[in-house]
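The values are calculated or read from the model by the stated rules, or taken from the named source; none is laboratory data. Just so you know, these numbers come straight off a predicted model, no measurement behind them. Using ideal geometry, Cβ is built from the backbone for each residue, glycine included, and neighbour counts are taken over all protein chains shown.
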Amino acid sequence: MKFSELNTYSRERLRAKLSAQAKKHGFKSGKDHPNYRGGIKTSREGYVSVLIGSKYIKRARLVMAEYIGRYLKPNEIAHHINGIRDDDRIENLRLFDSNSSHTKHHHKLRKLSKLMLEA
Ligand SMILES: [Zn+2]
């Protein structure tokens, strides 16, 4: 599957493609390939990415893409509501349409927690 094609996939097709990809790349016989890491990696920042074709894509973005039925635009951000970066359950994800609205949200959260600590 080409990464660029993700945009055009319906939710069902994307799900089918992703599970085919997962089957193809992973979860069964990692032993056969010494360098094989299961098609999943965790970044130093704690984000989990999945190998799709030759590219690693953040799992949070894939879960959100599945949910909304289209792939995320580059400017869109899947934010982790509870702050746990590898908790990619859909209930824990919120879509922001830009980095600035996402950053604003984080500033608001920081302000709130500061207020709570002062109280
Ligand atoms: Zn965030």
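Tell me yes or no: at least one residue of region 66-82 is small (Gly, Ala, Ser), under 10 Å from the mean Cα position of the chain (by Cα) and at pLDDT 95 or above. The answer is yes; a qualifying residue exists.
In the set (1) away from the ligand (no atom under 15 Å from the Cβ); (2) in a helix (DSSP H, G or I); (3) crowded, with 17+ Cβ neighbours inside 10 Å, ALA60 fails one condition alone, (1).
Scanning for something modelled with pLDDT under 85 and assigned to a helix (DSSP H, G or I), does region 31-41 turn up at least one residue? Scanning region 31-41, I find at least one residue that is modelled with pLDDT under 85 and assigned to a helix (DSSP H, G or I), so the answer is yes. The single condition from (1) touching a Lys or Arg at 6+ places or on another chain (Cβ under 9 Å); (2) modelled with pLDDT under 75; (3) surrounded by 12 or more Cβ atoms within 10 Å (Cβ to Cβ) that VAL48 fails is (2).
Table: residues versus (1) under 20 Å from ALA20 (Cβ atoms); (2) of a type in the set (Phe, Trp, Tyr); (3) within 13 Å of the ligand (Cβ to nearest atom); (4) not in a helix (DSSP H, G or I).
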residue	(1), (2), (3), (4)
LEU51	yes, no, no, yes
TYR56	yes, yes, no, yes
LYS104	no, no, yes, no
HIS107	no, no, yes, no
LYS111	no, no, no, no
LYS114	no, no, no, no
